[in-house]
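The values are calculated or read from the model by the stated rules, or taken from the named source; none is laboratory data. Please read all numbers here as calculations on a predicted model, not as lab measurements. A quick note on method: Cβ atoms are made from the backbone with ideal geometry, for glycine too, and the neighbour counts reach across all protein chains shown.
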Amino acid sequence: MTTTTQESTYQEWSERARASLMNTYGRYPLAIARSQGCRLYDTEGRAYVDLLAGIAVNSLGHCPERLTQALLEQTRHLDHISNLFFQEPQIRLAEKLLATCHADKVFLCNSGAEANEGAIKLARRYMRKVRGRDVHEIVTLEGSFHGRTLATLTATGQEGRIKEGFGPLPEGFRTTPFNDPKALQETVSDATAAVMIEVVQGEGGVRPLSREFLDVLLALRQRHGFLLIVDEVQTGLCRTGRFWAHQLFDLRPDIFTTAKALANGLPMGAVLATDEVARGFEPGTHATTFGGGPLVAAVACEVLDIMQEDRLAERAEQLGARAKKALLEVADRHPEQIRAVRVQGLMIGVELAFPGQEVWQALLDKGFILNLTQGCVLRLLPPLVIEEQDLLDFAKALEEVLDATAQ
C-alpha cells in the first residue's frame, strides 16, 4: 500500500507523536500531508477518497478557496477582541443561523461538547430561575454520544472505556433505552428538566429515531413540562437532507446545538434556543473567551452562505438515496455479511454481521477513508460536495472486500 518513504515518514511522525502527545487516540495508519476537495494525500502523494470529512466537519471539502479568502480578508481587519465588545461578524453569523430555523437566540462557542454543556446548563437554569421549578434531571438515550466533558460524558448513553476511571460523574442524568416509548414513559417525570436526543445517532451507528418514539416524547413533554434538547452536532447543517435533522420530523426543540461543519474545520459551536428559554442565561451566568471570534465567525458565515446557495441539503438527500440504492444491492447479494444499511442524507451506516476491523482496513488499503463505529458499523460522513461516482466506487470496493472475506 505505501512506499518506503511513506512508511518511514509514518514511523517518524508516529514516534514523535508518542513522545510528545498524550495517548488519547487510536490513530489510523496514515501520515497525511495535504488535502484538497474530497481527497486526502499521504506523504508520498497517494490520494484517498475522504468519506469521513474529519468526522462530519469538512462538509464543503478540504481547503475551499472561498473560505480561505474569507479568513485572509478578516485577518486584515479584526482578529480577537473577546466577547466584551460588539463585533459585526459574530452578529452576522447569529442572524444567518437564526434564518435557517425556529430559534430566536444563539450562544457561540468552540466545540460540540461545549455546546452540549451549554445546553444542559441553560435547561437547568431556565427551569429553576425562570419557571421556578427545582428540577435538574437530564434524560438521554442509550447509544447516544454528547461529548467528552464530565457533564456531556455522563449524558452520553454508552458505557465501557469512555467512562471508565472518570468517577465520580456528575449527578442528575438518566439514560433510557433507544427508540423505546414505554421505557421513556417510565423514565421521565415531573422531576425531568430536559430530554436530550439525537434525531439520528451518529456514534451509535447511524440509527434514526422512530416517529412513534418522537410522538410519545412530545406527548410526555406536554404532560410533564420538560424541555426538549436536540443534539445536532453531527446531524445539523444539511447532513441529513434537511438543514437541521429535527426538521425531518417538524420538531421545534426548545434548545438545539451544532458544531462540526459550522466553520468547515475551524473550531466553532453554537447553542440555539427560543426567546423564552434563552431567558435562562443572564450576564455572568455563562461565557466563553474564544467563542464566536471574528476570524472563525467570518468563515462560518461563508459556510452557511455556500450551503444555501448550492442547496447542499437537497444534494445530500439525493446523493444519499442513490448511495442507499447501490449499497442495498450489495447487501442483497451478501445477506450473511451485511445486517443493515441505514442512510439519512449523507449519514450512511453499513452494519456488518461480524466485527468490521478487517473490512475497514481492506477499504483503507483500496483508498477509502471512513469510520468504524460500534465495532461493526462502517460509517460514512462524506463531504456534502462528494461526487456520486465516489460513492458508487465505494459500494463496488465494499463488494470486492466482502467477496474476498467470504472466500
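In segment 230-241 there is no residue that is among the acidic types (Asp, Glu), surrounded by fewer than 24 Cβ atoms within 10 Å (Cβ to Cβ) and either assigned by TED's automatic domain parsing to the domain that holds Glu212 or over 22 Å from Glu212 (Cα atoms) (or both). The listed residues are Pro64, Pro89, and the only one of them that is over 28 Å from Glu203 (Cβ atoms) and at pLDDT 95 or above turns out to be Pro89.
Looking only at segment 140-164, count every residue that is assigned to a loop (DSSP other than H, G, I, E, B) and buried (at least 19 other Cβ atoms within 10 Å of the Cβ) and tell me the total. Of the residues in segment 140-164, 7 are assigned to a loop (DSSP other than H, G, I, E, B) and buried (at least 19 other Cβ atoms within 10 Å of the Cβ). For Arg223, indicate whether it is surrounded by fewer than 18 Cβ atoms within 10 Å (Cβ to Cβ) and over 22 Å from Gly204 (Cα atoms). When the stated conditions are applied, Arg223 passes them. Only one of the listed residues (Arg66, Arg76) is under 28 Å from the mean Cα position of the chain (by Cα) and among the charged types (D, E, K, R). That residue is Arg66. On the basis of being more than 19 Å from the chain's Cα centre (by Cα), at pLDDT 95 or above and farther than 19 Å from Lys260 by Cβ, does Val359 make the cut? So Val359 passes the test. Going by what's in this entry, would Leu319 be described as out of contact with any Asp or Glu (no Cβ under 8 Å at 6 or more places or on another chain) and of a type in the set (A, V, I, L, M, F, W, C)? Taking the combined requirement at face value, the residue does not satisfy it.
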